[in-house]
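First the structure, in the form of structure tokens, and then the observations on it.
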Amino acid sequence: MSFVAANLPPSAYALFQQAQKAPPLWPSVVKESYRVGIHDLNKLTDVAFHVHHPERKGRDIASGESLLIKEWKGYKETIRSWMPASKSTSSKSTSSKPPSAEPTSSKPSGPSLLELLREVDTWSLGRSLEQTLHLYRFKEFLIRALDCKVVDDSYYQFSYFDAMGRERSCSEKHSVSSVNRGTRMQYAARNFQRVAEDCTTVGEVAKRLVQIESIVACHTFVLVRWAHQSAGTGDGSLSAYTEMKYLRELVSLARRSYPESIYSVYKESLEMTLSNAG
């Protein structure tokens with residue numbers, strides 16, 4: 001039977017439609033589908049597959065489409081790892097002692113920061129589709145960093161000067177006449193670990209995730225604000241401005257495959273800004 005997205009529960013279908021425009025959001029669709037009652041692994045895998053292949057219009061994979069079969073199986077294994085483990089073993093009593101009789105040292109420690117971060121649902125955190133996508137990518141980048149993958153979490157700090165020549169922090173909302181880049185780098189993964197090291201719940205980790213991503217985004221998008229405002233002044237090409245040099249550097253970092261840069265989170269936004277301003 002072919003896949004019909006409209007048959008998904010309403011909340012899952014709404015996310016499915018959004019994710020077809022931004023495929024990296026597919027885990028949110030699968031998890032919402034599971035939350036609202038779809039627990040069959042194959043059906044959840046179909047959801048993930050068809051998010052990435054709207055051109056198929058729900059058509060099943062044929063036996064000869066080996067690459068697509070391999071892709072489908074890849075989603076299945078990923079989703080399988082998210083599904084709750086069987087509680088049959090853990091539910092069996094292994095001791096007649098009451099809980100209070102167990103020595104304190106034998107109690108298992110709580111989940112690690114990495115485990116809590118994996119459980120954060122970024123779909124519920126963003127105020128827009130763009131921010132939701134950035135938060136999802138930022139989370140996945142941090143997971144790779146905490147999982148000891150080779151990544152580059154360094155980012156520049158930017159301030160700007162307004163029309164009156166006063167220096168402002170990136171978070172202030174004024175006209176941006178020029179942008180100043182600091183010489184001291186910051187490190188997103190390290191800063192996240194620092195602020196989230198004492199967190200014990202998924203909700204607490206989610207707040208820290210939003211906090212650090214907002215800081216990195218602030219220092220990134222001040223250049224985007226400058227480019228948008230400067231492009232409307234009618235002064236011709238912006239290619240010779242120092243700010244354009246900064247922007248080209250960030251785009252280059254965003255495109256770099258190894259080591260992956262934190263700027264890859266904002267790749268499309270940076271590329272579009274450079275193209276429009278160039």
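The values are calculated or read from the model by the stated rules, or taken from the named source; none is laboratory data. The structure presented is a predicted model; accordingly, all values stated were derived computationally and were not measured. Cβ coordinates were reconstructed from backbone atoms using ideal geometry, including for glycine residues, and neighbour counts include every protein chain displayed. Keep in mind that these areas ignore ligands, DNA and RNA; they rest on the heavy atoms of the full protein, side chains included. Shrake-Rupley method; radii C 1.70, N 1.55, O 1.52, S 1.80 Å.
Do the conditions hold for Arg194, that is, is it in a loop (DSSP other than H, G, I, E, B), over 21 Å from Ser128 (Cβ atoms) and charged (D, E, K, R)?
Criteria not met by Arg194.
Of all residues being open to solvent by 50 Å² or more (accessible area, probe 1.4 Å) and among the aliphatic types (A, V, I, L, M) in region 150-168, which is farthest from Tyr258 (Cα to Cα)? Just the residue, please.
It comes out as Met164.
With the requirement that a residue be surrounded by 13 or more Cβ atoms within 10 Å (Cβ to Cβ) and at pLDDT below 90, what does region 230-258 give you?
Matches in region 230-258: Ser230, Ala231, Leu238.
Of Thr183, Thr200, which residue is free of Cβ contacts under 8 Å to residues at least 12 places away in the same chain, of a type in the set (Val, Ile, Thr) and open to solvent by 30 Å² or more (accessible area, probe 1.4 Å)?
Thr183
If we keep just the residues of region 1-23 that are among the small types (Gly, Ala, Ser) and assigned to a loop (DSSP other than H, G, I, E, B), which is farthest from Trp123 (Cα to Cα)?
In this case the residue turns out to be Ser2.
Within region 1-27, how many residues turn out to be of a type in the set (Gly, Ala, Ser) and surrounded by fewer than 18 Cβ atoms within 10 Å (Cβ to Cβ)?
Number of matching residues: 5.
Can you tell me which residue in region 63-95 is modelled with the lowest pLDDT, limited to those that are within 13 Å of Leu41 (Cβ to Cβ) and open to solvent by 70 Å² or more (accessible area, probe 1.4 Å)?
Among those residues, the one meeting the criterion is Pro84.
Give the residue that is nearest to Arg35 (Cα to Cα), with candidates limited to residues of region 111-122 that are crowded, with 17+ Cβ neighbours inside 10 Å and over 9 Å from the mean Cα position of the chain (by Cα).
Within region 111-122, the match that is nearest to Arg35 (Cα to Cα) is Val120.
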